[in-house]
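*Asks:* Encoded as structure tokens, here's the structure I'll be asking about.
Each reported figure results from applying straightforward, stated rules to the coordinates on display, with no laboratory input. Predicted, not measured: the structure shown is a model, and the values here were computed from it. Methodologically, a virtual Cβ is constructed for each residue, glycine included, from the backbone with ideal geometry; neighbour enumeration extends over all protein chains shown.
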Amino acid sequence: MPDESPSRRPGGIDNRQILTVVAAVLLTWFAISNWQSVEIHFWVTSAKASLFVMILVSALLGGVVVRLAARRHRPRRRSKD
């Protein structure tokens, strides 16, 4: 039986997949347009890095946090006895 969820398009593409691809393209374009080197200040030290790298690292860490939060708040399935 095919999945008839309202978020699926006729071709089988989920709306979340489309939004993820659009967000990835925009993030990549933004990161590439900000290639200059910047100084990053931590609590006790400073470092220089490419803004491109910092944007990508921040996006990856944000994605990990979102995935972990989504996993934690996913409803548990009850086993059928």
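*Asks:* With label points built 7 Å along Cα→Cβ from the Cα atoms of Arg16 and Ala49, find their separation and express it in nm.
*Replies:* 2.8
*Asks:* Now a separate question. Within 10 Å, count the other beta carbons around each residue, average over each peptide in 18-26, 53-61, 40-48, 65-73, and list them highest first.
*Replies:* 53-61, 18-26, 65-73, 40-48
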